[in-house]
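Reading through the structure tokens given below for one structure.
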Amino acid sequence: MKRFFVVIFALVVLGISSCAPKPASLFSEGNDIFGFATPVRIEHDTTLVLLSDYFLQASIELIDSVSGHQTMEFMLHPGNDSLWIITHGTIPFLSELAVWLDDKRYCIILERGQKVHFPFVFDPQGVTYQSVYLRGDMTNWSQVPLTLVDGKWQRTLHIAPGNFHYQLVLDGRQTTDPTNPVQVDNNLGGVNSLLSIAGIDRAKTPHIYSKATRRYEMELGFDNNVSEIFVVWQNFLLPQESVVRRDGYFSITIPGDARDYQRSFLTIKAFNDHGPSNDLLIPLQYGKPVLDAGLLTRIDKEATILYFMMIDRFNNGNPANDQPVDDPRVDPRANYFGGDIEGITQKIEDGYFERLGVNAIWFTPITQNPLGAFVEYPAPHRTYTGYHGYWPVTLTTVDHRFGTKESFRNMVETAHANNMRVLLDFVSNHVHEENQLIIDNPHWATQLNLPDGRKNIRLWDEHRLTTWFDTFLPSLDFTQPGVIETMVDSAFYWLNEYNLDGFRHDATKHIPNEFWRALTRKIKEYHKAPNNRRIFQIGETFGNRELIGTFIGSGLLDGQFDFNLYFDARTVFATDDAPFTMLNNSLHQTFNYYGFVNLMGNITGNHDMARFISLAGGALRFDENPIEAGWNREVGVGDTIGYNRLASLMAFIMTIPGVPVIYYGDEIGIPGASDPDSRRPMRFENLNHHESRLKEQTSKLTRLRRENLAFIYGDFKTLHADAMTFAYARSHFGNQAMVVFNKDRNPVTLTLPLPARFAAKNYQNHFGNTFSISGETLTITLPGSSFEVLTAN
């Protein structure tokens, strides 16, 4: 009888729940913006907003008006493609730019910039100098003069808080700052001085997190006071009645409109008097928050785990197309090895990528490269071939040494059949001198011979938009009529012809944003919107975070590789002395620039730099030239501690926000100095104990990321950071995780206080380390150079 009563009660409750009214639709059908409208950062009194970055072309002319906070004035340009925002006084940390199209009110979030006026001062301490210049991250490594005032050299910098590498040029001699004892590795075999500027105090700003969900409602928890919160669904701001503050949380009613979408998103951000909160991205499936990672598909870019291959060095699937260059000047390391498209297809079919746990692949360019070899201009004038694919002599044909049009199409289809995304490496910046495009249009090349007599070769920052990679690689002048259209059409051909999922864009910072806008606009208008596809574009830029960020956003790229974070992570994980506090600061600097929810690429390494494991094991020194080391001696792993350190780096990139990127061979710890030594052939068999264990750890980490939404969409909260240990936590509704690192060579037992929401859970350890939770305290013991991942569902 009791059991009967319980069953009847459960059925009644279920019936009441299922009969509860579904939320009403709130918004007019709005498909005028495809994708997220990225926030606009207001750094100056006047800010230009290109509405053409956000709205589809047919919708631009339908814009009626714009409005926003009373501290700002909005001037819409004729044609509606852009507007000026003029600020008056102090603006809020966050506000809404409302863009009206008939009865549709689109929301673009405006963020108050964090830049400050910082007085940089160099005290020569009695030494007389005729000139002093500053160059560093804060100047994009161009030289800016300091002014002598009262015996000190000074300059006011308009700069965002963070850590900045720099050097001084004293009477023409470049050096570290003799008055600053803080120095860091410059990633080139030397050191830089480090300037640190404090920013907002995250201990006082709001921290928001997804707490619970019931059908079409969700609870949003928060730490610290919240002055105002913005909840946006598909670029529409939810009304106040849909976002209700309760006792210690916000209750959010998901609009009924979301029921018609297989995938839509809520974006959420808040602020108080101390600054903005972290941001959240909540994926919805037919109007309900996604709680099961099994529901994610190839369309979900945020779930990407990317594997990068140098195609010539990965796997030789068809020896019949092998054709190394026959030139005695070419060292075998700079020639073709035979890897090809069929080799990648074979590895998809035999399950290598599935077992490793990656769901996206990117490989070096496959366009036709020259048949001969060429001597590089800079000393020591070595001779190379185009085995890497970055010397295009055509724009739309497959290099016969890599395969055919048919084999490439088959590879893409095979990848898609295995639920894998395919990204093509595309070169827009330059062509090879044998390319018919530049032969027919020599005026399309930028200037090679500079007025001062120098060659415009590899002047990466001084002549960023015109410099050549070498004398036989003319950079394209994108100010010339026809260049942008030609290169956009070429990229679009590959995307459309082969049904690709996106691009890795080479040399992004050397190409003006006019090109990136034109390419993204064509992809959006003719591929994304008509086919409802989320194409992923990621760029490559070496530079400071501000420069990197100028290529990211609505109308531009989705993300770039976060080299600044990687270099700090490499220093911290690969050395004994660099503290985890440095990495934690660097990570939050990334969040400040790109958001807590971002699509920045978090790498284990790449083809242009020394292998991490050789630095971590000590076989390669940080203070030596990594290119010459690779040519002059055999560089191995060194101390086997390098394997543990590489595993820790792998755990880091798999558990932080962003897109993890594994460089081929790092899953087994292939060693090497810099290019071309970092491009050794991949090995699949005869692995030693250390290599097999690292591969197993990598597979376990990729599985953890793919199965735990906390690592894909969760908030991020640092629990602890000191010199040798680091811990952080992430959560997505009931899916919670904690990650703990120990870089000391000796075992350590950590006792850490936990936020209450992380304490009341039963956790599973995935790497065998002993831990316990008592009340709101975590105690965990880690061996030397190790990590642990704890998860709870």
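The values are calculated or read from the model by the stated rules, or taken from the named source; none is laboratory data. Quantities reported herein were computed from a predicted structural model and do not represent experimental measurements. Cβ placement follows ideal geometry from the backbone for every residue including glycine, while neighbour counts extend to all protein chains displayed. Heavy atoms of the whole protein, side chains included, go into the accessibility calculation; ligands, DNA and RNA do not. Shrake-Rupley method; radii C 1.70, N 1.55, O 1.52, S 1.80 Å.
Overview of values
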quantity: Residues that are small (Gly, Ala, Ser), assigned to a loop (DSSP other than H, G, I, E, B) and at negative phi, drawn from the range 544-572; calculated: 554
quantity: Cβ-Cβ under 9 Å pairs, at least 6 apart or on other chains, the range 107-133 side assigned to a loop (DSSP other than H, G, I, E, B), far side crowded, with 16+ Cβ neighbours inside 10 Å and basic (Lys, Arg); calculated: 113/41; 114/41
quantity: Residues satisfying the stated conditions in the range 375-420, i.e. closer than 19 Å to residue 346 by Cβ, basic (Lys, Arg) and open to solvent by less than 60 Å² (accessible area, probe 1.4 Å); calculated: 401
quantity: Odd one out for residue 503, checked against (1) of a type outside the set (Gly, Ala, Ser); (2) open to solvent by less than 10 Å² (accessible area, probe 1.4 Å); (3) at pLDDT 95 or above; (4) closer than 21 Å to residue 51 by Cα; calculated: (4)
quantity: Whichever residue in the range 509-543 is in a loop (DSSP other than H, G, I, E, B) and of a type in the set (A, V, I, L, M, F, W, C) and, among such residues, is nearest to residue 601 (Cα to Cα); calculated: 542
quantity: The range 360-373 residues that are free of Cβ contacts under 8 Å to residues at least 60 places away in the same chain, paired with ones that are assigned to a loop (DSSP other than H, G, I, E, B) and open to solvent by less than 10 Å² (accessible area, probe 1.4 Å) (beta carbon under 6 Å, 6 or more apart); calculated: 366/399; 366/402; 368/399; 373/385
quantity: Matching residues in the range 48-97 - criterion: being among the small types (Gly, Ala, Ser), in a helix (DSSP H, G or I) and under 29 Å from the mean Cα position of the chain (by Cα); calculated: 52
quantity: Matching residues, the range 456-496, being touching a strand residue (DSSP E or B) at 6+ places or on another chain (Cβ under 8 Å), open to solvent by less than 60 Å² (accessible area, probe 1.4 Å) and in a loop (DSSP other than H, G, I, E, B); calculated: 456, 466, 467, 469, 471, 472, 474, 477
quantity: Pair list, Cβ under 8 Å, 6 or more apart: the range 764-788 residue under 13 Å from residue 747 (Cα atoms), other residue part of a loop (DSSP other than H, G, I, E, B) and among the hydroxyl-bearing types (Ser, Thr, Tyr); calculated: 780/770; 781/770
quantity: Flag for residue 674 being touching a helix residue (DSSP H, G or I) at 6+ places or on another chain (Cβ under 6 Å) and either of a type in the set (S, T, N, Q) or farther than 30 Å from residue 217 by Cβ (or both); calculated: yes
quantity: Candidates 572, 597, filtered to the one that is more than 29 Å from residue 670 (Cα to Cα) and not basic (Lys, Arg); calculated: 597
quantity: Helices (runs of 4 or more DSSP H) wholly inside the range 336-454 that include at least 2 residues being over 26 Å from the mean Cα position of the chain (by Cα) and over 23 Å from residue 541 (Cβ atoms); calculated: 341-349, 405-417, 436-440
quantity: Matching residues, the range 1-52, being small (Gly, Ala, Ser) and either more than 21 Å from residue 515 (Cα to Cα) or modelled with pLDDT of 95 or more (or both); calculated: 10, 15, 17, 18, 20, 24, 25, 28, 30, 37, 52
quantity: Neighbours by Cβ (under 7 Å, 6+ apart or cross-chain): first from the range 214-235, of a type in the set (Ser, Thr, Tyr); second open to solvent by less than 30 Å² (accessible area, probe 1.4 Å) and in a loop (DSSP other than H, G, I, E, B); calculated: 216/23; 216/254; 216/287
quantity: For residue 218: the one exception among (1) within 26 Å of residue 117 (Cβ to Cβ); (2) among the aliphatic types (A, V, I, L, M); (3) surrounded by 19 or more Cβ atoms within 10 Å (Cβ to Cβ); (4) touching a Ser or Thr at 6+ places or on another chain (Cβ under 8 Å); calculated: (1)
quantity: Test: residue in the range 605-612 that is within 27 Å of residue 208 (Cα to Cα) and touching a helix residue (DSSP H, G or I) at 6+ places or on another chain (Cβ under 6 Å); calculated: no
quantity: Scan of the range 246-277 for residues that are open to solvent by 10 Å² or more (accessible area, probe 1.4 Å), within 17 Å of residue 206 (Cα to Cα) and either assigned to a loop (DSSP other than H, G, I, E, B) or without any contact (Cβ under 8 Å) to a residue 24 or more places away in the chain (or both), ordered by number; calculated: 246, 247, 248, 273, 274
quantity: Pairs where the first residue, in the range 163-174, is of a type in the set (Gly, Ala, Ser) and the second is at pLDDT 95 or above and surrounded by fewer than 18 Cβ atoms within 10 Å (Cβ to Cβ), C-beta under 8 Å, 6+ apart; calculated: 172/131
quantity: Residues being free of Cβ contacts under 8 Å to residues at least 60 places away in the same chain, in a loop (DSSP other than H, G, I, E, B) and either farther than 18 Å from residue 617 by Cβ or more than 24 Å from the chain's Cα centre (by Cα) (or both) - total across the range 636-671; calculated: 4
quantity: The one condition in (1) open to solvent by less than 10 Å² (accessible area, probe 1.4 Å); (2) of a type outside the set (Val, Ile, Thr); (3) more than 25 Å from residue 314 (Cβ to Cβ) that residue 669 fails to fulfil; calculated: (3)
quantity: Where residue 788 falls short, out of the listed (1) farther than 20 Å from residue 581 by Cα; (2) open to solvent by less than 50 Å² (accessible area, probe 1.4 Å); calculated: (1)
quantity: Unique match (being closer than 30 Å to residue 591 by Cα and either free of Cβ contacts under 8 Å to residues at least 24 places away in the same chain or part of a helix (DSSP H, G or I) (or both)) among 706, 683; calculated: 706
quantity: Of all residues making up the range 147-175, the number that are surrounded by fewer than 19 Cβ atoms within 10 Å (Cβ to Cβ), of a type in the set (Ser, Thr, Tyr), within 21 Å of residue 125 (Cβ to Cβ) and within 35 Å of the chain's Cα centre (by Cα); calculated: 1
quantity: Near pairs, Cβ below 9 angstrom, 6+ apart or cross-chain, from the range 473-497 (touching a residue at least 24 places away in the same chain (Cβ under 8 Å) and under 23 Å from residue 455 (Cα atoms)) to any residue that is open to solvent by less than 10 Å² (accessible area, probe 1.4 Å) and of a type in the set (Gly, Ala, Ser); calculated: 475/507; 476/428; 478/428
quantity: Residue satisfying condition, being open to solvent by 20 Å² or more (accessible area, probe 1.4 Å) and of a type outside the set (D, E, K, R), within set 95, 67; calculated: 67
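Matching residues to (1) crowded, with 16+ Cβ neighbours inside 10 Å; (2) under 19 Å from the mean Cα position of the chain (by Cα); (3) among the basic types (Lys, Arg); (4) not in a helix (DSSP H, G or I):
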| site | (1), (2), (3), (4) |
| --- | --- |
| 610 | yes, no, no, yes |
| 614 | yes, no, no, no |
| 622 | yes, no, no, yes |
| 630 | yes, no, no, no |
| 634 | no, no, no, yes |
